[in-house]
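As structure tokens, the structure follows; a few thoughts come after it.
What follows draws every value from the coordinates through simple rules; no lab data is involved. Bear in mind the structure is a predicted one, so any value in this text is a computation, not a measurement. Glycine also receives a Cβ, built like all others from the backbone with ideal geometry; neighbour counts cover every protein chain displayed.
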Amino acid sequence: MEHEPLQREEMVTPDLTMMGAGEHSPSVRDPTGSVFTRGRFVGVTLFLTAMLALIAAARHVVPTSTSSALRTQQVPLASGGGSVIVKDEEGCPEAPMKDFYMYRTQTDEDYEPVNQDMANIGGVLWYLHNEIIWHHYLRVGSFSSIPKTRIERYRVKTRATCALHRLGMNFGVVNAYDLGKCTGPYGCENLHHFGPVVGCESWNKGEDNHFPHKQWMGVVKYPNAMWYSLPGACSSQKFWGKTHKCERKEPSGACKEGDEPTGAFDCTYTYKKVGEISIDELEGIPNFGALMKSGGYEYSRASDKGKKMHFWDDKNSTEANHRRINRVLDKFNEKYPDQPYLEDPVCDFDVNKFYPEFPKGDLA
């Protein structure tokens, strides 16, 4: 799912992952205000890492966290960016497991949902309504050029790491992804601090979970619309730049096949595709091409209506949006009658607990 760019005022810390492949940075400013040249920082880091390793080996001591809730370490990378996640093998059994459905609008391509953004039904319809179906002649978005054709359903189970659970949350911040690379917010440091936990975002009044897309508060009229993120391995790189070495340093939150989520840094969620419906059948049309040839279209932002089909009429009507949500549910129930009904979880992400100095990006 491609998102609109984050508003400038929300990105208050440098996001080094946003640099393109051909760009380079002669210096990096750390949170204390010091400036290091990249080459000197690499040399200093390598030296310090080697010295610490020798001291630990001599003493036969393995450094551990002093917190009983947080049983993980973070070791600075020699590259000067991010940190190696030392996995918590025990997991976090005190954190509850969540079992629910996620949805994704998809093209005719098939690929896994890791390092991707997902949604509940209201969230996926909002995405289609706001970013896709008003582009006439092709069902594409402002940030995508391949037509969307279907809505996929995944059954997902999640469990928070203890680092997150001790703050009273089961979900972290929603991370944005571009071709498999995490691009924000705040340089995606949350993936190292709390581990690759599932993120959630909603826009319900009175809740502090409308980040990083706070500009949509009061705009989204789909009841309880939510977006999720599923952090995968080597999230600092795009699809073609991922290596086994990077994947070891930046593990996926996805558990091994057959395992249940434990809350360990390499097992915070499981997923399984359990169905899909076409957007054409949802709209009640034979096919998109035939609608275009007849002179119709799905939706016009100017008139707030479609032509020769009216599924998307009245974008800002909560009642109409609720009917659309129910239609999606009905279509999946008709096609997959044996699948259980699963309630959406509560999006308990709290931006002020997660980032205590918000809008600064310092993590709890």
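Below is a table of values for the structure above.
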| item | result |
| --- | --- |
| Segment 187-228: Rg to Rh, with Rh as the Kirkwood radius over Cα pairs | 1.04 |
| Under 21 Å from residue 205, Cα to Cα: lysines that are on another chain or at least 8 residues apart | 214, 221, 315, 353 |
| Extended-chain gain in nm, criterion 0.36 nm per residue less alpha-carbon gap, residue 135 and residue 215 | 26.6 nm |
| Inter-label distance for residue 99 and residue 239, nm, one decimal - labels placed 7 Å from Cα along Cα-to-Cβ | 3.3 |
